[in-house]
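The block underneath contains the structure these notes are about, expressed in structure tokens.
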Amino acid sequence: MSDVPKTHPRYLSLTLRDKIVRGVEQGITSIHGLIAHGRGEAFDYLIAEKTQHFATAAIHAAAVMLCLAKHPVISVNGSVAALVPEDLIELGQVLNAPLEVNIFHTETGREQKIKDHLLKHGAKEVLLPSTEAALDYIDSNRKFVHPEGIFKADVVFVPLEDGDRCEALRKMGKDVVTVDLNPMSRTAQQASITIVDNVVRAVPLLVDQIKKISDKTKAQTLISQYCNRTVLEEALKHIRRGENI
Ligand code: ATP
Ligand code: MG
């Protein structure tokens with residue numbers, strides 16, 4: 001870690017940069033992850049690096065959708081593995097859902113390195129993609145999934161996802177919950193629920209919210225009233241108003 005004083009006005013942002021850089025050095029994050037991170041930072045700036053009301057609404061709905069799922073699965077890539085390993089593991093525990101590694105650039109055994117990284121942080125079981133099961137509607141190596149994981153899932157939590165894969169999952173009839181700071185990305189637009197927030201803030205809040213759900217039937221009403229398009233429009237309006245600039 002570089003020596004950033006806690007009093008630095010951009011302390012948090014610089015700490016996250018360090019985490020991503022460390023992920024690249026450890027061989028768990030692709031070098032392309034640095035570019036995706038930069039894009040995320042720009043959007044985070046536009047929402048004042050805070051969880052805004054549209055993200056809170058999406059987190060509430062996502063907690064219900066994940067709680068009501070029969071077979072929820074958490075898809076992990078090299079960026080989220082570097083940024084929020086413990087929170088993803090806790091999410092898996094509260095939902096009783098497996099973590100499954102799925103990445104685009106599979107160079108130098110990165111899938112196994114991500115798995116080892118999660119196990120080191122306390123994960124019990126981490127699934128890897130298998131050639132025995134594949135998603136339709138997608139040509140890249142990311143179509144390969146675990147037969148007992150994403151292949152079987154009814155709801156997939158896929159933070160920082162690529163648009164093609166999100167679209168394929170949706171076309172296969174699966175619900176997708178994503179975290180994406182860009183409300184205009186194809187992923188944000190196509191997911192069932194999009195949390196427009198930084199993954200480092202959103203995942204702990206999502207875990208807390210899931211722990212609070214006691215009455216699942218009552219919770220179901222909340223989800224039937226949720227409209228992702230409206231929530232994304234709220235996020236865009238917030239950014240357009242430029243309140244934080
Ligand atoms: P899409 O393929 O969905 O159209 P894209 O090609 O613009 O998106 P990708 O690189 O595929 O972008 O996905 C990365 C996404 O993750 C970007 O939209 C970026 O804003 C977002 N992102 C990056 N870092 C974070 C973060 N820490 N928290 C939440 N979102 C982030
Ligand atoms: Mg993309």
Kindly sort ARG241, ARG201 by accessible area of their heavy atoms, largest first, with the probe set to 1.4 Å.
ARG241, ARG201
Judged on accessible area alone, 1.4 Å probe, highest first, HIS238, HIS37 line up as HIS37, HIS238
Charge tally in the Cβ shell below 12 Å around ARG201, where Lys, Arg are +1 and Asp, Glu are -1, ARG201 excluded:
-4
Please report the relative contact order for the chain, taking Cα pairs under 8 Å with a sequence separation of at least 6, and give it as a percent rounded to a whole number.
23
Probe 1.4 Å - accessible area at ARG17, Å² to nearest ten:
110
Would you mind telling me the antiparallel percentage of the DSSP bridges in the chain, rounded to 5?
20
Computed [θ] at 222 nm, helices only, for the chain once each DSSP H run of length n ≥ 4 contributes -39500 (n - 2.57):
-15500 deg cm²/dmol
So how far, in whole Å, is the C-alpha centre of the stretch 58-90 from the one of the stretch 201-245?
14
At 1.4 Å probe size, with no ligands or nucleic acids counted, give the accessible surface of LEU12 in Å², nearest ten.
110
Solvent-accessible surface ranking, highest first, for PHE104, PHE157, PHE43 at 1.4 angstrom
PHE104, PHE43, PHE157
Here the tail fraction of P(r) beyond 29 Å, over all Cα-Cα pairs of the chain, rounds in percent to 24
Between the stretch 1-47 and the stretch 102-148, the Cα center-to-center distance that results, in Å:
24
List the lysines whose Cα lies under 24 Å from the Cα of LYS19, skipping any in the same chain that are fewer than 8 positions away.
LYS6, LYS50, LYS113, LYS115, LYS120, LYS124
Given LYS70/LYS216; LYS152/LYS216; LYS171/LYS216; LYS143/LYS174, which pairs have Cα atoms separated by over 18 Å?
LYS152/LYS216; LYS171/LYS216
For the stretch 75-170, what size does the Cα cloud have along each of its three principal axes, sorted from largest down, in whole Å?
34, 30, 24
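The values are calculated or read from the model by the stated rules, or taken from the named source; none is laboratory data. These numbers come from a predicted model, not from an experiment. A quick note on method: Cβ atoms are made from the backbone with ideal geometry, for glycine too, and the neighbour counts reach across all protein chains shown. When the accessible area is computed, the model is the full protein with side chains, heavy atoms only, and any ligands, DNA or RNA have been set aside. Shrake-Rupley method; radii C 1.70, N 1.55, O 1.52, S 1.80 Å.
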